[in-house]
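Heads up, the thing below is written out as structure tokens.
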Amino acid sequence: MTPAATLVDDPPPPEATPAAAGHRAGSQFALWRGFLIRRLGGAAANVVLLVLLTFFIVQLIPGDPATAIAGDNATLEQVETVRHELGLDQPILAQLGHYLAGVAHGDFGQSFRYHLPATQIVRNAAPYTLSIAALAVVLVLVLGVGTGVVVGIATRGDRNRWLDRAFTWITSLVQSIPPYLQATLLVLVFAVWLSLFPPAYTLAYGFWESAVLPVAALSIGGIASVARIVRRETGVVQEMDFMRTARGWRLPPLVRYAKHLLPNILTTALTLAGIILTSMLGSALIVETVFAWPGLGSTVIQAIAVDKDYPVIQAAVFFIGFISILITLAIDTVLGIIDPRTLGTGHG
């Protein structure tokens, strides 16, 4: 038998056989199945806890909705009549049963103040909150990741120590300022002193011009946080063997950083994006009040502080929590696609 015939007759390597390919496909399917079962099960449990939380949280709010609706000059009989109409005189378990039955059908009840479905009020306000939160996340990813990568490359090997110190000092300072204080400072500088943007939402300036300062207030702290973490990850990745090999081969900087460096910090950036977007939805509740932004923040603050409007509070809190759960699930799924190793881990 000739060498050529031997090569032809030799069986293919095990990894090239159909059985091996089928084994890999089956293994990937099992990983994804287990991943989806864990994540969807966890999401379902979180939704159940969220529903219970939205019911019991309003019980802790000081004040009486019946008194707020009847008015300060109402008699005790009038207040009791309002309380009966709202169903607040029923036992707590009976109220919980009615609430769960309504939520199961997507009904959070009628607003105490406006006599409209609470979901309609939340649905009208939600686009304002989601729009500035989404814009802020885009800025955080683009500017935060870009700044972190540039500074990480520029300070590799203890170069430009002044830049490293200045970057650390500035980002630490920005991170330490609460979003509502950043919002107040932005109003003071850009609306009052420089008169570049409106201090509050108004139709006279239009949606986008009014959104500049709220988006900035939401994104500045996130940019600093992402930049610091990405800068550290960039330093770690640059010292890995494949990056040293790329430098040894004299690959062009664009190929070295865009093809080899950036994909290896993408997992961290996406994880941070999910966490930051979730936190932004919470921060927006406070920031929106500074700019009189007609989103969920203003709606919730009005419902809590003035109206004691339980259905609106419950619908708004549930909406924010549900969006956070969906964001976490989506980020975990994207990470599983990018890095299949995360499918079998607890954090996804």
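Would you mind stating whether Ser27 is among the small types (Gly, Ala, Ser), assigned to a helix (DSSP H, G or I), out of contact with any Gly (no Cβ under 8 Å at 6 or more places or on another chain) and closer than 21 Å to Val312 by Cβ?
Details: among the small types (Gly, Ala, Ser): yes; assigned to a helix (DSSP H, G or I): yes; out of contact with any Gly (no Cβ under 8 Å at 6 or more places or on another chain): yes; closer than 21 Å to Val312 by Cβ: no.
Spelling it out, it is not the case that Ser27 is among the small types (Gly, Ala, Ser), assigned to a helix (DSSP H, G or I), out of contact with any Gly (no Cβ under 8 Å at 6 or more places or on another chain) and closer than 21 Å to Val312 by Cβ.
Specify the residue that is farthest from Lys308 (Cα to Cα); the eligible residues are those in segment 61-90 that are outside any loop (DSSP other than H, G, I, E, B) and of a type in the set (Gly, Ala, Ser).
Ala70
Just wondering, is there one or more residues in segment 261-271 that are more than 14 Å from the chain's Cα centre (by Cα), of a type in the set (Ser, Thr, Tyr), surrounded by 17 or more Cβ atoms within 10 Å (Cβ to Cβ) and within 23 Å of Leu186 (Cβ to Cβ)?
no
Since Ala224 meets every condition but one in (1) surrounded by fewer than 17 Cβ atoms within 10 Å (Cβ to Cβ); (2) among the aliphatic types (A, V, I, L, M); (3) in contact (Cβ under 8 Å) with a residue 12 or more places away in the chain, which condition does it not meet?
It fails just one condition, (1).
Please verify whether Gly295 is farther than 25 Å from Gly63 by Cβ and in contact with a Phe, Trp or Tyr (Cβ under 7 Å, 6 or more places away or on another chain), treating the condition exactly as stated.
no
Return only the number of the condition from (1) at pLDDT 85 or above; (2) hydrophobic (A, V, I, L, M, F, W, C); (3) assigned to a helix (DSSP H, G or I) that Ala292 does not satisfy.
Every condition holds for Ala292 apart from (3).
Quick one: in segment 274-296, which of the residues that are of a type outside the set (A, V, I, L, M) and under 15 Å from the mean Cα position of the chain (by Cα) is surrounded by the most Cβ atoms within 10 Å (Cβ to Cβ)?
So, considering only residues that are of a type outside the set (A, V, I, L, M) and under 15 Å from the mean Cα position of the chain (by Cα), the one surrounded by the most Cβ atoms within 10 Å (Cβ to Cβ) is Ser283.
Just the residues that are touching a helix residue (DSSP H, G or I) at 6+ places or on another chain (Cβ under 7 Å) and closer than 24 Å to Ile325 by Cα, please, taken from segment 41-71.
Ala43, Asn46, Val47, Leu50, Val51, Thr54, Phe55, Ile57, Val58
Condition check: in a loop (DSSP other than H, G, I, E, B) and at pLDDT 90 or above. Does Asp107 satisfy that?
yes
Mind checking whether some residue in segment 319-334 is within 30 Å of Leu188 (Cα to Cα) and in contact (Cβ under 8 Å) with a residue 24 or more places away in the chain?
yes
Does at least one position in segment 306-314 carry a residue that is within 29 Å of Ile69 (Cα to Cα), surrounded by fewer than 21 Cβ atoms within 10 Å (Cβ to Cβ) and of a type outside the set (Lys, Arg)?
yes
Mind checking which residues of segment 245-276 are of a type in the set (A, V, I, L, M, F, W, C) and farther than 30 Å from Ile323 by Cα?
Of everything in segment 245-276, those that are of a type in the set (A, V, I, L, M, F, W, C) and farther than 30 Å from Ile323 by Cα turn out to be Ala246, Trp249, Leu251, Leu254, Val255, Ala258, Leu261.
Can you tell me which residue among Ile325, Ile320 is within 23 Å of Leu31 (Cα to Cα), surrounded by 16 or more Cβ atoms within 10 Å (Cβ to Cβ) and under 14 Å from the mean Cα position of the chain (by Cα)?
Answer to the check: Ile325.
Within segment 51-87, track down each residue that is within 34 Å of the chain's Cα centre (by Cα) and free of Cβ contacts under 8 Å to residues at least 24 places away in the same chain.
Hits for segment 51-87 are Leu52, Phe56, Leu60, Pro62.
How about segment 125-201: which helices (runs of 4 or more DSSP H) wholly inside it have at least 3 residues that are among the hydrophobic types (A, V, I, L, M, F, W, C) and surrounded by 17 or more Cβ atoms within 10 Å (Cβ to Cβ)?
Helices (runs of 4 or more DSSP H) meeting the threshold: 145-154.
The values are calculated or read from the model by the stated rules, or taken from the named source; none is laboratory data. Just so we're clear, the structure is a prediction, and the values are computed from it rather than from any experiment. Note: ideal-geometry Cβ built from the backbone for every residue, glycine included; neighbour counts use all protein chains shown.
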